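Visitor: Take this structure, written in structure tokens, and hold onto it; I'll ask about it next.
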Amino acid sequence: MSSDKLRKELREKAKKISENQQKVNDAQAIIDFMPSIPKLLTFDPEGLNLTLTSHNKLPEDISEWAINLTIKNMSEIYQKSWQWDEETKQEEILNRNARYLVAYKGDDDPVGYIHFRFEQLDGDFVIYIYDVQTEQSVRNSGLSKFLIQAVELIGLKIGVQACVTFVFKEDKEYMAILNGLNYQFHHTSPSVYCPDKPEKYKHEILFKPLTKTN
């Protein structure tokens, strides 16, 4: 490769990174995502009558609930897969770049949430889903799927290229939901770059390409 061609490729790569970072910054500046997805304001299978609310920062009581729910739902899976580190998980959930959709029953009874962030991954502008957690009382209602689809629609509205998520192989329920929503193994997922040693890894990286719609 000639030096001129290399410099051109490097400039184009730098330009793409800069443009995508501006998209990340613009997305992070959005205060409320619900106006962009008005048809998903409520979730009402079998009379559940849940309402979605967008949060850029969780109120203290809701952040405490979200952390406790995640501990309840995920600590055993973490122990089987990696080591559970409660402090690290709390820091992840409360990261300043974290964004949330919370499902409420009534005015102030949270029953599920999704934690996501806008990031760059391999030069692409993506939504990365970090957590989808629901209370046992609504576990079989389809709420987890609904929350993921809500985040996907947000991504479609603002031109995100893909929705990406980390999933433990031990988390069969989440894996089944993602498969049902047509998620694929990302090229950074261990089963793609190290397919001959499945016993060596405990997780996968899945993604779903998104196409912007009007």
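Visitor: Could you work out which residue, out of ALA14, ALA66, ALA98, moves most in a Gaussian network model of the chain, that is, has the largest mean-square fluctuation with Cα springs under 10 Å?
Guide: ALA14
Visitor: In the stretch 21-121, with Lys and Arg counted as +1 and Asp and Glu as -1 at Cβ, which of these residues, TRP84, ILE30, VAL111, has the Cα nearest the positive end of the dipole, that is, farthest along it?
Guide: ILE30
Visitor: What net charge do the residues around SER18 carry, taking every other residue with its C-beta under 12 Å from that of SER18, with Lys and Arg at +1 and Asp and Glu at -1?
Guide: Details: positive: ARG11, LYS13, LYS15, LYS16, LYS23; negative: GLU12, GLU19.
Computed value for this residue: +3.
Visitor: Something else now. Collect residues whose amide H, placed 1.01 Å from N in the peptide plane, falls under 5 Å from the amide H of LEU210; neighbours closer than 5 in sequence don't count.
Guide: ALA162, CYS163
Visitor: With a sphere of radius 12 Å drawn around the Cβ of ALA27, what net charge do the other residues whose Cβ falls strictly inside it have (Lys, Arg +1; Asp, Glu -1)? All intermediate terms of the calculation are to be shown ahead of the outcome.
Guide: Values: positive: LYS23, ARG99, ARG117, LYS157; negative: ASP26, GLU119.
Here the charged neighbours net out to +2.
Visitor: Moving on to the next point. Rank-order 134-147, 36-49 by packing density, defined as the average count of other C-beta atoms within 10 Å over each peptide's residues, highest first. Please report the intermediate quantities before stating the final value.
Guide: Working: 134-147: 17.8, 36-49: 12.5.
Per-residue mean Cβ counts within 10 Å order the peptides as 134-147, 36-49.
Visitor: Output wanted: per-residue J couplings in Hz (rounded whole) for the stretch 118-124, from phi through Karplus 6.51 cos²θ - 1.76 cosθ + 1.60, θ = phi - 60°, x for Gly and Pro.
Guide: 9, 9, 9, 9, 6, x, 9
Visitor: Give, rounded to the nearest 20 debye, the magnitude of the charge dipole that the chain has about its Cα centre when Lys and Arg contribute +1 at Cβ and Asp and Glu contribute -1 at Cβ.
Guide: Numbers: 27 positive and 32 negative charges, 232 e Å.
With Lys and Arg at +1 and Asp and Glu at -1, about 1120 debye.
Visitor: Note the listed values [x] 1, 7, 12, 13, 11, 9, 8, 7, 6, 6, 5, 4, 4, 3, 2, 1, 1, 0, 0, 0, 0; [y] 1, 6, 14, 17, 19, 17, 12, 7, 4, 2, 1, 1, 0, 0; [z] 1, 7, 13, 15, 15, 14, 13, 10, 7, 4, 2, 1, 0, then indicate which one is P(r) over Cα pairs in 5 Å bins from 0, in percent calculated from this particular structure.
Guide: [y]
Visitor: Taking every Cα atom in the stretch 124-203, find the radius of gyration and the maximum pairwise distance Dmax, and write them in Å.
Guide: My reading of the Cα-based Rg and Dmax gives 13.8, 40 Å.
Visitor: With unit charges on the beta carbons (Lys and Arg positive, Asp and Glu negative) and the dipole taken about the Cα centre of the chain, which residue among ILE67, TYR174, GLN120 sits farthest to the positive side?
Guide: GLN120
Visitor: Please list, in chain and number order, the residues 5+ apart from LEU121 or on another chain whose amide H is under 5 Å from its amide H, with Hs placed from the backbone.
Guide: VAL126
Visitor: Once fully extended, how much extra length lies between GLN90 and LYS16, figured as 0.36 nm per residue of separation less the alpha-carbon to alpha-carbon distance? Each step should come with its number before you reach the end.
Guide: Numbers: separation 74, 0.36 × 74 = 26.64 nm, distance 3.25 nm.
Result for the pair: 23.4 nm of gain on full extension.
Visitor: Something else now. What percent does the relative contact order of the chain come to when contacts are Cα pairs within less than 8 Å and at least six residues apart?
Guide: 18 percent
None of the figures in this text is laboratory data; all of them are computed from the coordinates on show. Values in this document were obtained by computation on a predicted structure and should not be read as measured data. Because the Cβ atoms are built from the backbone with ideal geometry, glycine has one as well, and the counts that use them run over all protein chains shown.
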